[in-house]
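Peer 1: Here it is: the structure, laid out below.
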Amino acid sequence: MRILILSRKRSLYSTSRLREEGEKLGHRMDVVDPLRCVLHMGPDGPAIHAGGRSLPRPGAVIPRVGSMGTDYSVAVVRHFELMGVPVLNGSDAIGRAKHKLACLQILASRGLPVPDTLIARYPKDLDRLMKLLGGPPVILKLLRGTQGTGVIFAENRSSVESVLETIWSLGEDILLQRFIAESKGKDVRALVLDGRVFAAMRRTGPPGEFRSNIHRGGVGEGITLGKPYERAAIAAARAIGLNAAGVDMLETADGPVILEVNASPGFEGLEEATGVNAARELVRTAAHTARRKRR
Ligand code: ADP
Ligand code: MG
């Protein structure tokens, strides 16, 4: 099958692993930068050009949408869907996952465990809002951060106030979230493929860091998830509508708390920590999904 990876750079770890494993499985793997795709809308319907020529129609698309040019990349995925090309993750689902507020709204509305989170525009009584979140301290999160950027630990009222003022003055919104101290700089990342957990790791941030992202120096260790964590991860991916998802959860005495659902999870840390072949399984999932959709 001709499989197209939408990725900013072919040299990225996950992108090159997908190519390598896809080729071993006998697929033809192409990489195209979504920001270099020209989307054509005309009387003959949607078409896509790249590198000055019309793009050959792939059998399946694997979107790897990062934080740069997200809206554009999501539009490229939508264009493929409108052309009838099967995509591993749909544009609507990627859009929901990319937006931390939308993601939490959906998870909470399905009754899934999320940290107490607030968003407000003119909080009259910051002390009361912070108390609702069991703080201070509280966590502040930009709506579109990734890899730990845009996640802020605010120790006291005045630091919360100064961050809020800065963000609002830029015309942005920000989430206020309960700081879950018992997670102690650790979290759990589960890779959910086609409705099951394929692999999971516990990540531990460097000393003094509350964020456990691999890109911030977090170290992963392979684990087998307990049933409540497995169920939560699968339900979270399904709620957002993703066929392939990286679900981040905190471990608490009351069980899992879901932080977010990633639509393009990296597997460098995961493959290293667990020894699983996540790239091969992701390509397989993409090919299965494509065959299922064509039927
Ligand atoms: P990102 O998209 O940047 O990865 P996350 O919501 O996953 O954003 O947060 C990054 C990391 O920060 C998490 O993996 C976790 O280690 C830590 N973290 C995030 N929210 C909380 C919280 N409410 N309480 C404690 N730790 C948190
Ligand atoms: Mg995360």
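The values are calculated or read from the model by the stated rules, or taken from the named source; none is laboratory data. A quick note: this is a predicted structure, and the numbers were derived from the prediction, not measured. Glycine also receives a Cβ, built like all others from the backbone with ideal geometry; neighbour counts cover every protein chain displayed.
Peer 1: Is the range 96-109 home to any residue that is polar (S, T, N, Q), away from ligand 2 (no atom under 16 Å from the Cβ) and assigned to a loop (DSSP other than H, G, I, E, B)? Give the derivation first.
Peer 2: Here is the first cut: in the range 96-109, the residues polar (S, T, N, Q) are 105, 109.
Add one more test, that the residue is away from ligand 2 (no atom under 16 Å from the Cβ), and what stays is 105, 109.
Keeping just the survivors that are assigned to a loop (DSSP other than H, G, I, E, B) gives none.
Among the residues of the range 96-109, not one is polar (S, T, N, Q), away from ligand 2 (no atom under 16 Å from the Cβ) and assigned to a loop (DSSP other than H, G, I, E, B), which makes the answer no.
Peer 1: From V61, V85, V74, V65, which residue is at pLDDT below 95, buried (at least 18 other Cβ atoms within 10 Å of the Cβ), under 26 Å from A290 (Cβ atoms) and out of contact with any Lys or Arg (no Cβ under 6 Å at 6 or more places or on another chain)? Spell out how you get there, then give the answer.
Peer 2: Details: V61 fails: at pLDDT below 95; V85 fails: at pLDDT below 95; V74 fails: at pLDDT below 95.
It is V65.
Peer 1: Then there is this: If you take the residues in the range 153-180 that are part of a helix (DSSP H, G or I) and surrounded by 13 or more Cβ atoms within 10 Å (Cβ to Cβ), which one is farthest from the chain's Cα centre (by Cα)? Show your work before the answer.
Peer 2: From the range 153-180, those part of a helix (DSSP H, G or I) are 157-169; that's our starting set.
Subset that is surrounded by 13 or more Cβ atoms within 10 Å (Cβ to Cβ): 157, 159-161, 163-164, 167-168.
Working: R157: 30, S159: 28, V160: 26, E161: 28, V163: 24, L164: 25, I167: 23, W168: 25 Å.
Residue satisfying both the conditions and the ranking: R157.
Peer 1: Working only within the range 200-225, note down all residues that are among the β-branched types (V, I, T), within 13 Å of E271 (Cα to Cα) and within 11 Å of ligand 1 (Cβ to nearest atom). Before the answer, list the steps.
Peer 2: From the range 200-225, those among the β-branched types (V, I, T) are 204, 214, 219, 223-224; that's our starting set.
Adding the requirement that they be within 13 Å of E271 (Cα to Cα) leaves 214, 219, 223.
Matches in the range 200-225: I214 only.
Peer 1: Collect the residues in the range 239-255 that are surrounded by fewer than 24 Cβ atoms within 10 Å (Cβ to Cβ) and touching a Pro at 6+ places or on another chain (Cβ under 6 Å), keeping them in residue-number order. Step through it out loud before you land on a result.
Peer 2: Kept after step one, since they are surrounded by fewer than 24 Cβ atoms within 10 Å (Cβ to Cβ), are these residues of the range 239-255: 239, 241, 243, 246, 248, 250-255.
Answer for the range 239-255, where residues must be surrounded by fewer than 24 Cβ atoms within 10 Å (Cβ to Cβ) and touching a Pro at 6+ places or on another chain (Cβ under 6 Å): G246, G255.
Peer 1: Now a separate question. Taking D125 and the conditions (1) acidic (D, E); (2) away from ligand 2 (no atom under 13 Å from the Cβ); (3) closer than 27 Å to I240 by Cβ, which numbered condition does it fall short on, given that it satisfies the others?
Peer 2: (3)
Peer 1: Here's another thing I want to ask about it. Can you tell me which residues in the range 108-133 are modelled with pLDDT of 95 or more, in contact with a Phe, Trp or Tyr (Cβ under 9 Å, 6 or more places away or on another chain) and more than 10 Å from ligand 1 (Cβ to nearest atom)?
Peer 2: none
Peer 1: Just one of A253, A236 is within 16 Å of ligand 1 (Cβ to nearest atom) and either within 19 Å of N213 (Cβ to Cβ) or among the aromatic types (F, W, Y) (or both); which is it?
Peer 2: Working: A253 fails: either within 19 Å of N213 (Cβ to Cβ) or among the aromatic types (F, W, Y) (or both).
Just one listed residue meets the conditions, A236.
Peer 1: Hey, another quick one. Just one of the numbered conditions (1) more than 21 Å from the chain's Cα centre (by Cα); (2) in a loop (DSSP other than H, G, I, E, B) is not true of M68; which one?
Peer 2: (1)
Peer 1: Now for a separate question. May I ask you to verify whether L176 is modelled with pLDDT of 95 or more, within 16 Å of ligand 1 (Cβ to nearest atom) and touching a strand residue (DSSP E or B) at 6+ places or on another chain (Cβ under 9 Å)?
Peer 2: Details: modelled with pLDDT of 95 or more: yes; within 16 Å of ligand 1 (Cβ to nearest atom): yes; touching a strand residue (DSSP E or B) at 6+ places or on another chain (Cβ under 9 Å): yes.
Yes, satisfied.
Peer 1: Hey, another quick one. Say whether the condition of being free of Cβ contacts under 8 Å to residues at least 60 places away in the same chain, in contact with a Lys or Arg (Cβ under 8 Å, 6 or more places away or on another chain) and small (G, A, S) is met by at least one residue in the range 158-165. Write out each step before concluding.
Peer 2: Of all residues in the range 158-165, those free of Cβ contacts under 8 Å to residues at least 60 places away in the same chain come to 158-165.
Then keep just the ones that are in contact with a Lys or Arg (Cβ under 8 Å, 6 or more places away or on another chain); that gives none.
No, the range 158-165 contains no residue that is free of Cβ contacts under 8 Å to residues at least 60 places away in the same chain, in contact with a Lys or Arg (Cβ under 8 Å, 6 or more places away or on another chain) and small (G, A, S).
Peer 1: Further, regarding this structure: Are there any strands (runs of 3 or more DSSP E) wholly within the range 1-65 with 3 or more residues that are over 22 Å from the mean Cα position of the chain (by Cα), and if so which? Spell out how you get there, then give the answer.
Peer 2: Values: elements: 2-6, 28-32, 37-42, 45-50, 60-63.
Where strands (runs of 3 or more DSSP E) fall fully within the range 1-65 and carry at least 3 residues being over 22 Å from the mean Cα position of the chain (by Cα), they are 28-32, 37-42, 45-50.
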